[in-house]
Amino acid sequence: MNVHTPDLSIDPSREEAAAALALLRRYIASAGEGDLAAVDPGLSALREGVSYPDLACEYPADFDANAAYRATLPDLQNGPASLIKGENRAIQHVGISNFRLPIRYRTRDAGDLMLETSVTGTVSLDAGKKGINMSRIMRSFYVHADKTFSFDVIEAALDDYKSDLGSFDARIQMRLSFPLRVGSLRSGLSGYQYYDIALELVEVAGVRRRMLHLDYVYSSTCPCSLELSEHARRTRGQLATPHSQRSVARISVQMKPGRCLWFEDVIELCRAAVPTETQVMVKREDEQAFAELNAANPIFVEDAARLFAEQLHADPRIGDFRVLASHQESLHSHDAVSVLTEGPTFAAQSLDPKLLASLHHAG
């Protein structure tokens, strides 16, 4: 028995094309604009009596996009639920990341600083809603951009774009590099140390949390290597040097309501915990002092996490916190890392696979 299948490579005939077009026109006549847009936005041009215009080739610099014209513009992102692709369910965070603008910050000791800031703004999206108007987040934020920023100002910005977008939950994160003049250990010189800082305001189910994240870069001398080096010197007269390495701790804290916690305060907490912060301006006497400081404060990565935690836990302005520490070893070809959390805010069973890798600081 021979089975013959149609030759799928044969082009449709003119009659078949005409029949298909007639079927498509019948669909277009009864379909709404949202359904047409979901199939193909160009289908609206096939409605009865609609012909595609000749196109102008020059940019109309004097064209006025007035209110009446703007009302005719399609808005697929904010369209009906019929346009949703994939599973119709809620999205926890949707918005924009890394829009940059200059922001004025008040410092504890030196007045105001204008710093370039990277802003991420997101809101929750309910099931049944196609999407949000992304530009409203930026527009809401720009209303407050000329103010000297504090968490109160960030809360006002979050209120605005929650209201504009009709959302329940929202988040703002602002990342910046904060300069602070730091003195050398013995020479009397000073230079600017830069600290990667992020401010975060999160509202979930009506509860708001203020958080601050800071990366602190320090030197860590291995206690085991230090003892082995001293053993070689003492027992065999053999010169040996302990290994130490540039290390990074990312300190994340939740600020208690009504408490003021300056950037400088968190930096000082870190220095009190681990005083071997990397240096900016160095002469020979400073380099020698730094070697002595490291020898006086040898630490494993476990020690570092606990030392930071001790200082954070003792500060009444700080609630939940997390310490991520990475000692980027000069002995091994891998890093030594530790994670310590206090309270539920930063606790997680799973870590972002690249979270610890993000602690590398090139200098």
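So which helices of the chain fit the span-like rule, where a helix is a whole DSSP H run, its Cα atoms reach 24 Å or more along the axis, and its mean Kyte-Doolittle is at least -1.0? The partial results should precede the final answer.
Numbers: long enough: 14-30 (25 Å, 0.24).
Helices passing the filter in the chain: 14-30.
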Whichever lysines have a C-alpha closer than 30 Å to that of Lys147, once near sequence neighbours (fewer than 8 apart) are set aside: Lys162, Lys256
Candidates Ile197, Ile28, Ile91, ranked by Gaussian network fluctuation over the chain, Cα under 10 Å, top entry: Ile28
Residue of Arg175, Arg236, Arg208 that the Gaussian network model of the chain assigns the largest fluctuation, springs spanning Cα pairs under 10 Å: Arg236
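Hey, got the dipole for the chain? About the Cα centre, +1 on K and R Cβ, -1 on D and E Cβ, debye to the nearest 20? Please report the intermediate quantities before stating the final value.
Numbers: 38 positive and 48 negative charges, 173 e Å.
Using Cβ point charges on Lys, Arg, Asp and Glu, the chain gives about 840 debye.
Rounded to the nearest 500, what is the 222 nm mean residue ellipticity of the chain from helices alone, with -39500 (n - 2.57) per DSSP H run of 4+ residues and division by all residues?
On the way: 9 runs with 104 residues, N = 363.
Helix-only estimate at 222 nm: -9000 deg cm²/dmol.
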Virtual spin-label span in nm between Arg234 and Asp54, 7 Å along Cα→Cβ: 9.7 nm
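Determine the percent antiparallel among the DSSP beta bridges restricted to the chain, to the nearest 5. Before the final figure, lay out each step's value.
Values: 69 of 71 bridges.
Here the share of antiparallel DSSP bridges comes out near 95 percent.
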Alpha-carbon centroids, the stretch 232-295 and the stretch 94-172: separation in whole Å: 34 Å
Heavy-atom surface of the chain, accessible at 1.4 Å and reported per residue (Å²): 61 Å²
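With a 1.4 Å probe and all protein chains left in place, how much of the accessible area of the chain comes from carbon and sulfur atoms, in whole percent?
On the way: 11570 of 21970 Å².
Carbon plus sulfur share of accessible area: 53 percent.
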Aspartates and glutamates whose Cα lies under 19 Å from that of Lys354, excluding same-chain neighbours fewer than 8 positions away: Asp196, Asp215, Glu329, Asp335
Whole-Å semi-axes of the ellipsoid equivalent to the stretch 240-336 (Cα gyration tensor, √5λ, descending): 28, 17, 10
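The values are calculated or read from the model by the stated rules, or taken from the named source; none is laboratory data. What you see is a predicted model, and the numbers here were worked out from it, not measured in a lab. For neighbour counting, all protein chains shown are included, and Cβ atoms are generated from backbone atoms with ideal geometry for every residue, glycine included. Protein only, heavy atoms only, side chains kept; ligands, DNA and RNA dropped before computing areas. Shrake-Rupley method; radii C 1.70, N 1.55, O 1.52, S 1.80 Å.
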